[in-house]
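So the structure is just underneath, and the comments pick up after that.
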Amino acid sequence: MRSKYLMAGVAVVAVLILWQVRADQDSGAKKDSGEAADLMKHGEYLVNEVAGCTHCHTPHDAKGQPDKSRSLRGATIPFAPKEKTKNWADMSPDITAGGLAGQWSEDQMVTFLTTGANPHGDKPPPPMPAFHLNARDAKAVTLYLKSLPGSKESKESDKKNKP
C-alpha cells in the first residue's frame, strides 16, 4: 500500500516539475517576443525620427512630402552638392525587406550599421553617412527594416545602386 502512495506522490511531483518547466519555456518565449517588439519599435524610432532615413530613401509626392505608401523604397536624392563630388549617389536604394534589408543577412546589416562598411567592405557613397551605431541600435534598425515589405520593382534598382 505504501509503495502505491509513494508512486502516486512521485508521479505528482514529476507532473508538477514538467508543468513548471513548460510554464518557464512559455514565459521565455513571451519575453523574447516582447523584447523583439520593443527592439522593432526602437528601430522604427531611430529610422524615422533620429537618422531621418525617410528624407533620402522615400520618394516625395508633388507637394514635396514623403510618399508614405512607398516609405524607404528608394528615391532620387532630393538635393545635390554645390560642387561636383566624387561618387555622389543620385539615387538611394530600397532599404526594406524588398531591397537591401532582404538581400543582406541580419549580421551583414548590423555590421554595416556598426562599422559603416557594407558586405563588400565598402563605405556608402555620399550623401549616405557611414553610421557607427551600437550593436543594440543596429539590431533594432535591422529588425525594423526587415519587417517592411518593400516592392518587387525596387530590387532591380538596388542592384545598380548599392551603398
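Key figures for this structure:
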read-out: Added length on full extension, which subtracts the Cα-Cα distance from 0.36 nm per residue, SER151 to LYS68; value: 28.6 nm
read-out: Linear extension gain, SER33 paired with ALA130, 0.36 nm per residue minus alpha-carbon span; value: 31.9 nm
read-out: Least to most buried among LYS86, LYS146, LYS41 (fewest other Cβ within 10 Å first); value: LYS86, LYS41, LYS146
read-out: Mean Cα-pair separation over length for segment 36-160, i.e. relative contact order, pairs under 8 Å, 6 or more apart, %; value: 29 percent
read-out: Label-point separation in nm, THR76 to ASP107, each point 7 Å along Cα→Cβ; value: 4.0 nm
read-out: Among 72-81, 125-134, the order from most to least packed when residues are scored by Cβ within 10 Å on average; value: 72-81, 125-134
read-out: Two-site FRET efficiency, ASN87 against HIS60, from Cβ-Cβ distance with R₀ of 25 Å, rounded to 0.05; value: 0.60
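Every number here is computed from the coordinates shown, using simple stated rules; none is lab data. A quick note: this is a predicted structure, and the numbers were derived from the prediction, not measured. Using ideal geometry, Cβ is built from the backbone for each residue, glycine included, and neighbour counts are taken over all protein chains shown.
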